[in-house]
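J.: After the structure tokens below, expect a handful of questions from me.
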Amino acid sequence: MAEELIVRGDSKREKYLMLLPQIKALVEGKKDVIANMVNIVAALKQTFHFFWVDFYQVKENVLVLGPFQGPVACTRIQYGKGVCGTAWKEKQAVLVPDVNQFPGHIACNSASKSEIVLPVMIEGVVVTILDINSDEFDSFDATDVIYLKKICTMLARTY
Ligand code: SME
């Protein structure tokens, strides 16, 4: 497959529909999970121009900063803390339309306004968190949840 990403389409859904098979081709059967995270982060950033896209990996019972694109970020997040720690604890996607309204939100950068976090799970165990921040309020919705979940599943298969 050509390594150049081609994503056209006006709506968010159209973009995801074009992006997903390309991410699948990039990561499927490639067993280096870090390389796969790096490409997923790059593809999401390039397609949607999100302020921040990052993976946090569970290491010795704490989330540790992994591959990301955007400004420098918090290195470690405890279980149950912030949006990321909450998604880890609840084992489900957390959508935050306004980070100021989320109790315990960890502000790594004051420009972040809304956020979505999804767990990457293997046999029901959270191994990694996908975290995306926007510098606009209310950037994420059910469409992001649907397609980002599929991306998380693709990544999980490459562990
Ligand atoms: N806002 C996150 C912290 C990580 S940064 O957004 C990169 C949280 O509350 O968990």
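J.: Can you compute the helix-only [θ] at 222 nm over the chain? Use -39500 (n - 2.57) per DSSP H run of at least 4 residues, normalise by all residues, nearest 500 deg cm²/dmol.
T.: The per-residue figure over the chain is -11500 deg cm²/dmol.
J.: Quick check on my link table: of Lys59/Lys150; Lys31/Lys89; Lys31/Lys149; Lys12/Lys59, which ones sit more than 29 Å apart, alpha carbon to alpha carbon? Each step should come with its number before you reach the end.
T.: On the way: Lys59/Lys150 23 Å; Lys31/Lys89 27 Å; Lys31/Lys149 19 Å; Lys12/Lys59 33 Å.
Check vs 29 Å cut-off fails for Lys12/Lys59.
J.: With a bin width of 5 angstrom, please list the P(r) values of the range 66-159 as percents of all Cα-Cα pairs, from the 0 bin to the one holding the largest distance.
T.: Bin by bin from 0 Å, the calculated values are 3, 14, 25, 26, 21, 9, 2, 0.
J.: Dipole magnitude of the range 18-59 about its Cα centre, charges +1 at Lys/Arg Cβ and -1 at Asp/Glu Cβ only, in debye to the nearest 20?
T.: Here the range 18-59 has a charge dipole of around 60 debye.
J.: Using the heavy atoms of the protein chains and a 1.4 angstrom probe, tell me the accessible area per residue for the chain in square angstrom.
T.: 51
J.: Kirkwood Rh, Cα Rg: Rg to Rh for the chain? Walk me through the numbers before you get to the answer.
T.: Numbers: Rg = 14.6 Å, Rh = 15.6 Å.
Checking Rg against Rh, the ratio lands at 0.93.
J.: Rounded to two decimals, what ratio of Rg to Rh does the range 39-79 give with C-alpha atoms and a Kirkwood Rh? Don't skip to the end; give the middle numbers.
T.: Values: Rg = 11.1 Å, Rh = 10.8 Å.
Using only Cα positions, Rg/Rh for the range 39-79 is 1.03.
J.: Got a sec? Charge dipole of the range 1-100, +1 on Cβ for Lys and Arg, -1 for Asp and Glu; which of Met37, Val64, Leu19 is way out at the positive end?
T.: Val64
J.: Right, next: For Asp10, tell me the accessible area in Å² from a 1.4 Å probe, rounded to the nearest 10.
T.: Counting only protein heavy atoms, the figure is 140 Å².
J.: Under 12 Å from the Cβ of Leu26, count the other residues' Cβ atoms, weight Lys and Arg +1, Asp and Glu -1, and hand me the total.
T.: Taking every Cβ under 12 Å from that of Leu26, the sum is -2.
J.: In the range 55-107, carbon and sulfur make up what percent of the accessible area (probe 1.4 Å)? Walk me through the intermediate numbers first.
T.: Details: 1410 of 2950 Å².
On the range 55-107, the fraction of accessible area on carbon and sulfur atoms equals 48 percent.
J.: For the range 1-118, what is the charge dipole size about the Cα centre, in debye to the nearest 20, if Lys and Arg each add +1 at the Cβ and Asp and Glu each add -1 at the Cβ?
T.: Numbers: 14 positive and 11 negative charges, 36 e Å.
Here the range 1-118 has a charge dipole of around 180 debye.
J.: On to the next question. As an exercise, identify the chymotrypsin sites (Phe, Trp or Tyr not before Pro) in the range 108-153 lying in DSSP coil whose Cβ has no more than 14 other Cβ atoms within 10 Å.
T.: Passing both the DSSP loop test and the Cβ count: Phe137.
The values are calculated or read from the model by the stated rules, or taken from the named source; none is laboratory data. Keep in mind the model is a prediction, meaning the values are calculated, not measured. Cβ: placed from backbone, ideal geometry, glycine included. Neighbour counts: every protein chain shown. Keep in mind that these areas ignore ligands, DNA and RNA; they rest on the heavy atoms of the full protein, side chains included. Shrake-Rupley method; radii C 1.70, N 1.55, O 1.52, S 1.80 Å.
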